[in-house]
Amino acid sequence: MESNQEIQNQVEFLYNATAKQLYNLALYTLGNKKAAEQISINAFCAAFNNISDKTDANLFKEQSIKLLYKYGRTIQKKSEWNGYTILVKTSEDIGEQVDVKKKELIQMLGSLNFDERYILLLFYWQNFSIQQIAKAICLPVFLAKKRFGVTVNKAVKYMME
């Protein structure tokens, strides 16, 4: 059995390795600070309890991202989504300067549905492969690849308008 100090060290290691990335992913997927904080905490705790090798930050991150998706979809389905408005308000709340490029990116993300935003953010911010995305959103690789292609085309089309 592990001592309290060993558990604390494991939590600190995994927190330092993943917490900010998980929170930002949740924040820009949901566009709501309170919801992002809550699902980040829930995903972190559940992933910590579910993995056996608590020294593998990559395994922990993959498990956490899978849980973020699950919890995020549940929250998103329960609330009204006005992506652009919420994302702009969120970026202002956290003190970011919303320059023209970032505003365009936020508008584009706001035009996408939850799954599309999550897929794009995993690919571009987390550098996930299509195989990793498929695993995170519990889809066969061929479907994840198809959704990725549709999402990228939709995002490019939006940016070209």
### Query
Can you give the extra length, in nm with one decimal, that the chain gains between A57 and V11 once fully stretched, where that is 0.36 nm per residue apart less the Cα-Cα distance?
15.5 nm
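Would you mind ranking S3, S40, S129, S64 by Cβ crowding within 10 Å, fewest neighbours first?
Taking fewest neighbouring Cβ atoms as first place, the list is S3, S129, S40, S64.
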### Message
Taking θ = phi - 60°, what integer Hz values does the Karplus form 6.51 cos²θ - 1.76 cosθ + 1.60 yield along segment 112-117, in sequence order, with x for Gly and Pro?
### Response
9, 7, 3, 4, 5, 4
### Residue order, fewest to most surrounding Cβ atoms within 10 angstrom, among R117, R147
R147, R117
### Query
What's the Cα-based Rg to Rh of segment 2-66, Rh via Kirkwood?
0.99
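Where a number appears in this text, it was derived from the coordinates with a stated rule and is not lab data. On a predicted model such as this, the values are computed, not experimentally measured, just so you know. All Cβ positions, even for glycine, are placed from backbone atoms using ideal geometry, and neighbour counts span all protein chains on display.
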